[in-house]
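Student: Let me begin by handing over the structure; questions about it come next.
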Amino acid sequence: MNLSPLQTARYEYSPKLPGMLRNGISEICVKEGAPTQSVADQDKIAALFPNTYGKCEITFEKGQNTAPAKKQVVGVILSGGQAPGGHNVITGLYDALKATNKENVLLGFKGGPDGLLKNDYVEFDDAFIDAYRNTGGFDIIGSGRTKLETEEQFNIVAENAKKNGLTAIVIIGGDDSNTNAATLAEYMAAKGTGIQVIGCPKTIDGDLKNEDIEASFGFDTATKTYSELIGNIERDANSAKKYWHFVKVMGRSASHVALECALETQPNICLIGEEVAAKKMSLAQITNYIADSVANRAANGDNFGVAIIPEGIVEFVPEFSALIAEINELLAGEATDKFNALPTWDDKYAFIKAGLSESAFAVFDILPAGIQQQLFLERDPHGNVQVSLIESEKLFSELVKNELKKRKAAGTYNGKFSPLHHFFGYEGRCAFPSNFDADYCYSLGYNACMLIQYGYTGYLSKVSNISKPAEEWVAGGMPITKMMNIERRNGADKPVIRKALVELDGKPFKFFEANREKWAVETCFTYPGAIQYYGPSSVCDITTRTLALEKG
């Protein structure tokens, strides 16, 4: 296999560990903190997790290792969408297991949770692991989105775990995957299987975080990758001086990615879904906000700019959410087949007009025809609109274009508006992890081994103080149930990990808010450039602007 020079060099990179994990396995002891409780719905969560609820947070410190000697056979899965650094969680887990006892075994179950159900796995050895150190992607064993949530599934997992002599399972994933980890841990404890379950916090969206989990892995690399591309586009826009670039970035349920990219690149416009929802902004208000920037810049002779749009923005617009809810009702059951059988879009349009309320149809009718039709594309498994298929970057550029035509007719705008569109998503999910993500993920995996060794289950591997140099990071664990609450999912109350949204009173948003009025009119672009792996720590090991602002 031919390798690029960078790939060869990354194999040789030695990730940095927190200070207390550098002492050697025999010199790591555990310190237990206070008992925990869930973020909400404490009685309900406690009733659902009687064997794993209310446990203590723990930290690892330098001291005599008092864990009982025991051979470990650990299974690991990657779950959900890819995020840079996943391979390093596995390599850190592998190295720690082998440092504890050369006889320890790590099995990688293929294709995510399906691998546990089908008993499809590979046993890792040094050569296998070495080929994936510090690399992007999840191709070491693949991933999947199957949910582990039924009694039947748990029985199969327990049976396969017993067949392979597993002592623990590590689930590397986001909020849904770690909710599954908590539920599986409770099942294993209730059945007295002796099999521990540990989670690791992954998602490039940045919405798996709280006072304990300062960042999910992959967010750093993904946002740096997107910011490099946005910076390149800004440089091009400032060179050509004739295009407005509308850039959609990943992040359906929260706008952390968009905000971080804005802090890195200082675009003219960045929409924050949480603010849109809090202010109950309409499509017209958002359109006018962007159009004002376009018009004001045109008045200065600048007929170009950059706008960042979070992937899930339309779900934050109250009138659009109401429209989607009505469409979901309109096409419930057999109505979808009836709608799809209509021969022309005009026939379908008439069907829609007859079925929606007057207020919902008013919103529908101002949408560009292409966006109208996207609302009626293939439904998700629950029969609902697939919001991720809506090209919101094109929606807003078209609405702005129409608004500017009105202003030109009224004599209040005399510029040129030429929009271009981009969607940055998959480009960032499998990039070579930044030094930060390489170090952080390796530490999460190494730390997961320590949690297993000391007998913990239903815990999330936790590394904190991560805005500081790695030497000062603090390793430990927290019960997954601490992050949980009850939410309505598919018509039933479910225990889930609460998603972390952008905090409008938080320092990152406040910094953005204080500067965006200037950015909207002036050309204040900044150019982060490519991720740097070699050179001064001040360049290569920097954290995200979000984390730096949050931690001061």
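Student: Please pick out the residue among Ile290, Ile233 that is more than 14 Å from the chain's Cα centre (by Cα) and crowded, with 22+ Cβ neighbours inside 10 Å. I'd like the intermediate steps shown before the answer.
Tutor: Values: Ile233 fails: crowded, with 22+ Cβ neighbours inside 10 Å.
Only one candidate qualifies: Ile290.
Student: Kindly list, by first and then second residue, each pair from a residue in the stretch 484-496 that is in a loop (DSSP other than H, G, I, E, B) to a residue that is not charged (D, E, K, R), limited to pairs with Cβ atoms under 7 Å and residues at least 6 apart or on different chains.
Tutor: Qualifying pairs under 7 Å: Asn490/His382.
Student: Which members of the stretch 42-67 meet the condition of being in a loop (DSSP other than H, G, I, E, B) and either closer than 30 Å to Gly218 by Cα or without any contact (Cβ under 8 Å) to a residue 24 or more places away in the chain (or both)? Write out each step before concluding.
Tutor: The first filter runs over the stretch 42-67 and keeps only residues in a loop (DSSP other than H, G, I, E, B), leaving 49-55, 63-67.
Of everything in the stretch 42-67, those that are in a loop (DSSP other than H, G, I, E, B) and either closer than 30 Å to Gly218 by Cα or without any contact (Cβ under 8 Å) to a residue 24 or more places away in the chain (or both) turn out to be Phe49, Thr52, Tyr53, Gly54, Lys55.
Student: So which of Leu460, Leu420, Leu377 is surrounded by fewer than 20 Cβ atoms within 10 Å (Cβ to Cβ), hydrophobic (A, V, I, L, M, F, W, C), outside any helix (DSSP H, G or I) and modelled with pLDDT of 95 or more?
Tutor: Leu420
Student: Inside the stretch 207-297, counting only helices (runs of 4 or more DSSP H) that do not spill past its ends, which hold 2 or more residues that are at negative phi and of a type in the set (Val, Ile, Thr)? Lay out the reasoning, then the answer.
Tutor: Details: elements: 219-240, 256-265, 273-278.
Here the list reads 219-240, 256-265.
Student: Being over 29 Å from the mean Cα position of the chain (by Cα), within 30 Å of Tyr533 (Cβ to Cβ) and not in a helix (DSSP H, G or I) is the filter here; which residues of the stretch 15-41 pass it?
Tutor: Correct list: Asn23, Gly24, Ile28.
Student: When the stretch 247-276 is examined, which residues are found to be surrounded by fewer than 24 Cβ atoms within 10 Å (Cβ to Cβ), touching a Leu at 6+ places or on another chain (Cβ under 9 Å) and farther than 15 Å from Trp519 by Cα?
Tutor: Listed by number, the residues that qualify are Ser253, Glu274, Glu275.
Student: Would you be able to say whether some residue in the stretch 503-521 is crowded, with 16+ Cβ neighbours inside 10 Å and farther than 30 Å from Val294 by Cα?
Tutor: no
Student: Right, here's the next one. Could you tell me how many of the residues in the stretch 320-350 are under 21 Å from Ile390 (Cα atoms), aliphatic (A, V, I, L, M) and either exposed (fewer than 11 other Cβ atoms within 10 Å of the Cβ) or without any contact (Cβ under 8 Å) to a residue 60 or more places away in the chain (or both)?
Tutor: Selection size over the stretch 320-350: 7.
Student: Also: Would you check if Ala475 is out of contact with any strand residue (DSSP E or B) (no Cβ under 8 Å at 6 or more places or on another chain), of a type outside the set (S, T, N, Q) and at negative phi? Walk me through it before giving the result.
Tutor: Values: out of contact with any strand residue (DSSP E or B) (no Cβ under 8 Å at 6 or more places or on another chain): no; of a type outside the set (S, T, N, Q): yes; at negative phi: yes.
For Ala475, the condition - out of contact with any strand residue (DSSP E or B) (no Cβ under 8 Å at 6 or more places or on another chain), of a type outside the set (S, T, N, Q) and at negative phi - is not met.
Listed here are the residues, each with its yes/no results for (1) part of a loop (DSSP other than H, G, I, E, B); (2) farther than 23 Å from Met281 by Cβ.
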{"residue": "Pro343", "(1), (2)": "yes, yes"}
{"residue": "Ile352", "(1), (2)": "no, yes"}
{"residue": "Ala360", "(1), (2)": "no, no"}
{"residue": "Ile371", "(1), (2)": "no, no"}
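The values are calculated or read from the model by the stated rules, or taken from the named source; none is laboratory data. It should be emphasised that the depicted structure is a prediction, and the values quoted were computed from it without experimental measurement. Methodologically, a virtual Cβ is constructed for each residue, glycine included, from the backbone with ideal geometry; neighbour enumeration extends over all protein chains shown.
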